[in-house]
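The values are calculated or read from the model by the stated rules, or taken from the named source; none is laboratory data. Nothing here was measured: the structure is a model prediction, and the numbers come from that model. All Cβ positions, glycine included, derive from the backbone under ideal geometry; neighbour counts span all protein chains shown. Accessible surface areas use protein heavy atoms only, side chains included; no ligands, DNA or RNA. Shrake-Rupley method; radii C 1.70, N 1.55, O 1.52, S 1.80 Å.
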Amino acid sequence: LALGVSAQDALGILTLDCHIPLESGVRPLAGDTYALVPVADAVVEEGPAISYTTRPEFAAFDCNWAAQSASQLHKTAIAMQDTAQKLTDGCPTGVTDADGRLTLKNLEPCLYLVLRVQTAPANADTLADPFLVSVPLLEEGELYSTVATTPKFAVEETPEPPPSPKPTPVFTPAPTLPLTATTPPTGQLPQTGQLNWPIPILLVAGAGLLMLGLALRRKQEKSDHET
């Protein structure tokens, strides 16, 4: 998106509007630091048109910048990111405000690689690819020295923690009661689980058998005497 008045050789202005779109509105990405690394010097020509001369540091990526599609420029920006990270010293830099906006002024005509070089803790879950932008910008035959752009961001999903393992139940054995010897009262037998009621019956039966045995013995002696 290009905004502002037409310009030829004026110093440029670049505004970044950094936010994440939400259903309820936007989430501004405040406190992030961006650097503009010059990739190719720009010269405004009649037409109007812009010609670019790639800087020696990026000679390996030299191409016809004006003829590149948006997807080609995106791939190139990703590829040159590591090289650009080493060249940020002395480059135009700034920090996004509470609304996620950053405006950098007095920019020389260049094709810039925009890098997020420091991320605020609150924005650690967001991903930001570097991108290329021309200042001034030629769009639909109009030349703009003031450029506004909205970088694309992605929110990195936080993986859910694995479910906690169920604790292994610990079975505590019931305490073992000490065995104690019990002395039965005098005249009683120790209890073994039997009742005492059969004892009288057994005594009576024993006495009956004893008497029956004596009777049979006497009868036998009498029979022997008679014979």
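Using only the Cα atoms of the stretch 81-130, construct the convex hull and provide its projected area averaged over every direction, in square nanometres to one decimal.
4.3 nm²
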*asked:* Once neighbouring chains are kept in place and the probe is 1.4 Å, which whole percent of the accessible area of the stretch 1-107 is contributed by carbon and sulfur?
replied: 51 percent
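Place the peptides 141-148, 109-116, 85-92 in order of packing, highest mean first, counting for every residue the other Cβ atoms within 10 Å and averaging per peptide.
Output ranking for 141-148, 109-116, 85-92: 109-116, 141-148, 85-92.
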*Signed unit charges on C-beta, dipole axis of the stretch 41-104, positive-most listed residue GLN68, ILE78, THR93*: ILE78
